[in-house]
Amino acid sequence: MPDAPRRHIAVLDVGKSNAKLVLFDLQASQEIAARTMPNDVRKDGPYPHFKVDRIFDFAMDSLAELARHAPIDAVSITTHGASAALLGADGLALPVLDYEHDGPNQVAESYDRVRPSFAETFSPRLPNGLNLGAQLFWQAQSFPDQFARVERIVTYPQYWAWRFTGVAATEVTSLGCHTDLWNPRDRRMSTLVARLGWDRLMAPVRFAFDALGPIQGEIARRVGLAPDARVYCGLHDSNASLLPHLLDRRPPFTVVSTGTWVIVLGVGGGLDGLDAARDTLANVDTFGRPVPSARFMGGREYDLLTAGAKGEADSADVFSVLERQVMMLPPILPGSGPYPRARGGWANAERPRGTGETIAAATLYLALMTEMCLRLAGAEGPIVIEGPMAQNRLYCQVLAALTGRAVYPMAGTTGTSGGAALLVRGAPVLSMDLTSNSTPVPAFADEAHLRRYAATWKRLSSEGANIRLVP
C-alpha cells in the first residue's frame, strides 16, 4: 500500500546569518509558520566555529512548537555552503569551521600545489575557508591528532540529517559549490580527494531527494513527532531556491538567490566563458548538472552600507543619488565577487544625505553588482529574484532596466524553504506553482539618469580593479 502524501514539511534552513525552522504546507505551497535565531559564531576553542548544539536545541524546540500548528509529516534540510562536519566515533572530531576564518590562509601555498585546476572543478581559488578543500587541508595539517580520529566527512546539510537519523551522507549540490572536491562535468569526486587520502573518509554520495531514514526515536519523542516521520537528505541553499524553477521553467533562465550572498545561477548556460579570477564558478544543481554561476557577498555588504536600516528609499532620495552620482565602488568586502582585488569606497566627495539616500545608494550598488554577475556568468532569459531582495522594488526595477529582461520577484521572505520542502515529493517531482502570483516588475522609469550612473560606476569599478570592461 503506497505511503500517504506528506503535506506538512518542517524545513531546517541554516543560513550564514540566521537559522530558521519553517513549517511548509506542500498542498498550499506556502509557509505556515517559522521560527528564527541568529547564527552567530563561537570564538573560543581551536578556531571560530558554528554553534551546532545551540542550533540543534533551537531546531528541537521549534519542531515541538510548530508541531502544534499541524502534524509534521517529514523533515527536510538546507544550509549555506563552504562547510562540512568531521565525524569521529562519538560525534564531531573537530568543530564545524566558520568559513570566514583566515586559518586556511596559513597553508595556502602548500594547498595551491595540490588543488586541481579550474578546468577540472570550475571552482575558483577563494580566500579563508571558502574553498572547502582548503578548510580540510588546513584542519589536517594544523590538528593532525584530531583529524586522525575522523571516520566520516559529511557536507553541512547532511550533518543535520545525521543528527536526526544517524545516517552519514554527502550530496552533490554542497560538494559542487566551490569546494575543489567535485568534478562537475564528470559528476564525480575531484582528483584532490584521492590525492590526499580523503576518499576513504567521504561519506557516500546520496541523492538530495533520498529519505535517509526515520527520525531517531529519542528525538521524535522529545518533539512529539510521529515515529515514521522521515528525514530527507537535503541540499545547498542556493540550489533549494533553484529547484522549483528547474521543474517549472524551460532554459535559459536565471535565478538570483539573495541572502548573505547574492548568487546568480544561469540555467542552460555553458561553462567555457567562466573566469576563475572574478569569482565565477559552476554550481551543481539537484540533478547533478553544472550551472554557470557568479556571486558576491551582497547581503552582508548591504547591511554594512546601511548599518541595518530597514525600508526603501523614496523617489526623491533615488533621484538625488542618481543626479549627484553618489556611488559606492566595489568591493566592500574584498576577496570574492567580480572585483576581488579592487579597493572599494565612495566614488567622489559626494556622500548620502540621510538614511533614505544611503538605502538608495546601497540598493543601486547591489543591482549594479548583480548585473555584472549576470554578464560574467553568461546568464540569459527571464530573471527570477529569490530571498530578501525580492522585496526591494528599486533593486528589481533597476535590474529590469539595465538588462532589458523580465524580472520576477518571488513572494515570501526566502525561496530556500519551499525548494527544500519539494524534496519530499521525490524525483522527478510534480511541479510546484510558486510563480503563478508573480508578475514582472516595470523597469525603472528614469532610465536616462540610471544609464549615465551605471556607465560611470562600471568605468570607475573596472579602472579600480585594473580589468577590462565586460561588454
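Brief remarks on what is shown
- Label-point separation, SER110 to ALA445 (7 Å along Cα→Cβ), nm: 6.2
- Relative frequency of Cα-Cα separations exceeding 40 Å in the chain, percent: 18
- Computed helical MRE - 222 nm, the chain, DSSP H runs ≥ 4 contributing -39500 (n - 2.57), nearest 500: -10000 deg cm²/dmol
- With both labels modelled 7 Å from their Cα along Cα-to-Cβ, the ALA276 to ARG188 distance reads 2.1 nm.
- In segment 97-167, the convex hull through the Cα atoms has an average projected area of 5.5 nm², a quarter of its surface area.
- Subset of LYS20/LYS458; LYS20/LYS310; LYS20/LYS43 violating a 28 Å alpha-carbon distance limit: LYS20/LYS458
- Fraction of the pair-distance distribution of segment 316-373 above 17 Å, Cα-Cα pairs, percent: 36
- Residue exposure sequence - THR191, THR121, THR79 - by fewest surrounding Cβ within 10 Å: THR191, THR121, THR79
- Between GLN30 and GLU151, full extension at 0.36 nm per residue minus the direct alpha carbon distance yields a gain of 39.6 nm.
- Within segment 149-228, trypsin sites (Lys or Arg not before Pro) in DSSP loop having at most 11 other beta-carbon neighbours inside 10 Å: ARG200
- Principal axis analysis of the Cα atoms in segment 238-465 yields extents of 56, 36, 30 Å, listed in decreasing size.
- Extension reserve of the ARG68-ARG42 stretch, reckoned as 0.36 nm per residue once the Cα distance is removed: 6.2 nm
- Which of LYS51, LYS20, LYS43 has the fewest Cβ neighbours within 10 Å, and the rest in rising order: LYS43, LYS51, LYS20
- Going from the residue with the fewest nearby Cβ atoms within 10 Å to the one with the most, ASP44, ASP285, ASP13 rank ASP44, ASP285, ASP13.
- Full-stretch length increase - ALA119, ALA316 - with 0.36 nm per residue and alpha-carbon distance subtracted: 66.1 nm
Laboratory data are not the source of any read-out in this text; all were calculated from the coordinates shown. As the structure is a computational prediction, the values presented were derived from the model and not from experiment. FYI the Cβ positions are ideal-geometry reconstructions off the backbone, even for glycines, and counts take in every protein chain you see.
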